[in-house]
Amino acid sequence: MHFNVEETTMRDMIRWGVLGAARIADNFVVPAIQRSSNGRVACIAARDRERASAFAAKHGIPNTCASYDEIIASQVIDAVYIPLPTASHFEWCRKALLAGKHVLCEKPIAMNAAQVRELIALRNATGLVCGEAFMVAHHPQWAFVRERIADGTLGSLELVEGSFTYFNDDPRALKNDLALGGGGVRDIGVYPVVTTRIATGMEPLSVRADITIDPRYGTDKLAICDLTFPGFRLNFYCGTQLARRQHMVFHGTKGWLSVDAPFNPSVYARASIKIRTDLSGMVETIEFGEIDQYQLMVENFASVLLGDSKSIAFSLESSLDNQLVIDKILGQTR
């Protein structure tokens, strides 16, 4: 394959290859890379060449490849972004690392903790960068939440509540395909867990879950979870056949804090946080404006490859800790 190298030889820019034309890539991550200050997509491969060509034309990508293998073998690709179905994440992360490519992969990066441990070992052996695409780790609203908890604004944190739901019972949907890693916990249950961990710096001591399985697909359609952390509890639910909702509330002895659009700000609602403390008795609203957390994510990743930053904001070690929780939740499926 002949690459158009005019777009791919600026060494202050990371040259990305994209494995798949998934919706998350189409709507969010690829546009974020194209807007970023330090990267561009140099090539896309999809299930068929026509789909890849249409995707490339839409996003101004100069090249298409016939296969994912061709992308990871290319000498003009620095890093790959993987938005494939969950069950394929580990396989292609591993292949890309072995081919000498840095990797940013959609969440969850693997199907279980053992696979994440293998990726950590492979990252260490190759010296490459490998990360999970948790865009929420880059939105400043979560740094704000972390600071308010740490500075005692809420007093002693006692309870965290959360939800993430949408409605999709389409039998053709990849998220309803058990063999592809479908189900609500892996798709969206990861978010209340990861944001609580980010905000508090704590890991759960115990995990309980009540999971409802859709008999048509074998995937979890509702999970009601209770996690005990040092000093506080996290109660959340996630569901794939409920009206759309997302929220996170952090409740302390002196006040509470509510994140209005904790996971998909600007898509679900405006990025804003409400705080009420016993001291003021008033509800204060903090607005964060239009911030592209996906662009911040890809710029952080590329800055590490270019030597401008020391490490990615969300490490594989944190991915492992999150996956351990997800494994425990799914391990309670009846």
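Pull up segment 283-334, narrow it to residues that are within 30 Å of K221 (Cα to Cα) and basic (K, R), then point me to the one that is modelled with the lowest pLDDT. Show your work before the answer.
Residues of segment 283-334 within 30 Å of K221 (Cα to Cα): 292-294, 297, 314-334.
Narrowing the set further to residues that are basic (K, R) leaves 328, 334.
Values: K328: 97, R334: 57.
This residue is R334.
Considering (1) over 17 Å from the mean Cα position of the chain (by Cα); (2) within 17 Å of P265 (Cβ to Cβ); (3) of a type outside the set (D, E), the lone condition that A150 does not fulfil carries the number (2).
The set of residues from segment 169-203 being outside any helix (DSSP H, G or I), of a type outside the set (D, E, K, R) and within 25 Å of F90 (Cα to Cα) comprises P171, A173, G181, G182, G183. Scanning segment 35-89 for residues being among the charged types (D, E, K, R) and either in the same structural domain as R186 (by TED's automatic domain parsing) or touching a residue at least 60 places away in the same chain (Cβ under 8 Å) (or both) gives a total of 3. A single member of Y191, Y166 is aromatic (F, W, Y), crowded, with 22+ Cβ neighbours inside 10 Å and modelled with pLDDT of 95 or more, and it is Y191. When you go through W142, W92 one by one, which is the residue that is in contact with a Leu (Cβ under 8 Å, 6 or more places away or on another chain) and either of a type outside the set (K, R) or touching a residue at least 24 places away in the same chain (Cβ under 8 Å) (or both)? After applying the criteria, what remains is W92.
Residue by residue, here is whether (1) in contact with a helix residue (DSSP H, G or I) (Cβ under 9 Å, 6 or more places away or on another chain); (2) assigned to a helix (DSSP H, G or I) holds:
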| residue | (1), (2) |
| --- | --- |
| R15 | yes, no |
| A42 | yes, no |
| A52 | no, yes |
| F55 | yes, yes |
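The values are calculated or read from the model by the stated rules, or taken from the named source; none is laboratory data. Predicted model only: the values in this text are computed from it and were never measured. Note that we place each Cβ from the backbone using ideal geometry, even for glycine, and neighbour counts take in every protein chain shown.
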